[in-house]
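Read through the structure below, which is laid out as structure tokens, and then see the notes.
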Amino acid sequence: MRTTPQPSQLQRDISGVLSRFGWTHEFEHVTEEGFSLDMAQPTSKHAIEVDGPFHCLREVESGALVENGATRLKTRLLEGLGWRVTRVPFFEWGRLA
């Protein structure tokens with residue numbers, strides 16, 4: 001059973017900025033294979049994924065935030081299906097905003 005997407009404020013903010021720059025996209029797009037994408041241009045197969053804190057792990061030695069396994073797997077699967085995936089981590093967006 002599929003639930004209604006609940007986009008975060010960060011997702012809405014990034015979508016708005018991309019729209020203002022002329023990057024037309026579908027918000028909360030679901031692929032034919034059932035993957036949910038935060039923003040996508042289905043015809044060109046370009047996806048923007050907004051990564052909140054639950055998409056990250058902290059490296060023990062360096063303390064740096066890195067993508068977790070589930071996030072990496074989703075990216076690899078999408079790329080295998082021909083999608084170009086751009087990830088926007090919350091901590092990088094915060095520095096830009």
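Going by what's in this entry, would P89 be described as of a type outside the set (F, W, Y) and either surrounded by 13 or more Cβ atoms within 10 Å (Cβ to Cβ) or over 19 Å from S8 (Cα atoms) (or both)?
Yes: the conditions hold for P89.
Within region 25-48, can you find the residues that are open to solvent by 50 Å² or more (accessible area, probe 1.4 Å) and more than 17 Å from R87 (Cα to Cα)?
Those that are open to solvent by 50 Å² or more (accessible area, probe 1.4 Å) and more than 17 Å from R87 (Cα to Cα): E32, E33, T43.
Cβ contacts < 7 Å: first residue modelled with pLDDT under 95, restricted to region 14-36; second residue assigned to a helix (DSSP H, G or I) and aromatic (F, W, Y), any location; separation 6+ or different chain. Result?
I14/W93
Run down S44, S62 and say which single residue is hydroxyl-bearing (S, T, Y) and modelled with pLDDT under 95.
Working: S44 fails: modelled with pLDDT under 95.
From the options S44, S62, the qualifying one is S62.
Identify all residues within region 49-84 that are of a type in the set (A, V, I, L, M, F, W, C), surrounded by 13 or more Cβ atoms within 10 Å (Cβ to Cβ) and outside any strand (DSSP E or B); write none if there are none.
Result: L77, L78, W83.
Show the residue pairs meeting these rules: Cβ distance below 7 Å; 6+ apart or different chains; first residue within region 61-88 and in contact (Cβ under 8 Å) with a residue 60 or more places away in the chain; second residue of a type in the set (V, I, T) and part of a loop (DSSP other than H, G, I, E, B).
Final answer for the pair search is none.
Can you tell me which residue in region 1-24 is least open to solvent (accessible area, probe 1.4 Å), limited to those that are under 16 Å from V85 (Cα atoms) and hydrophobic (A, V, I, L, M, F, W, C)? Lay out the reasoning, then the answer.
Residues of region 1-24 that are under 16 Å from V85 (Cα atoms), as a first pass: 11, 14-15, 18, 23-24.
Right, trim to hydrophobic (A, V, I, L, M, F, W, C) and you get 14, 18, 23.
Numbers: I14: 4, L18: 41, W23: 49 Å².
Residue satisfying both the conditions and the ranking: I14.
The values are calculated or read from the model by the stated rules, or taken from the named source; none is laboratory data. Computed from a predicted model, the values in this text were never measured in an experiment. Backbone-built Cβ (ideal geometry, glycine too); neighbour counts: all protein chains shown. Surface areas here come from the heavy atoms of the whole protein model, side chains and all, with no ligands, DNA or RNA. Shrake-Rupley method; radii C 1.70, N 1.55, O 1.52, S 1.80 Å.
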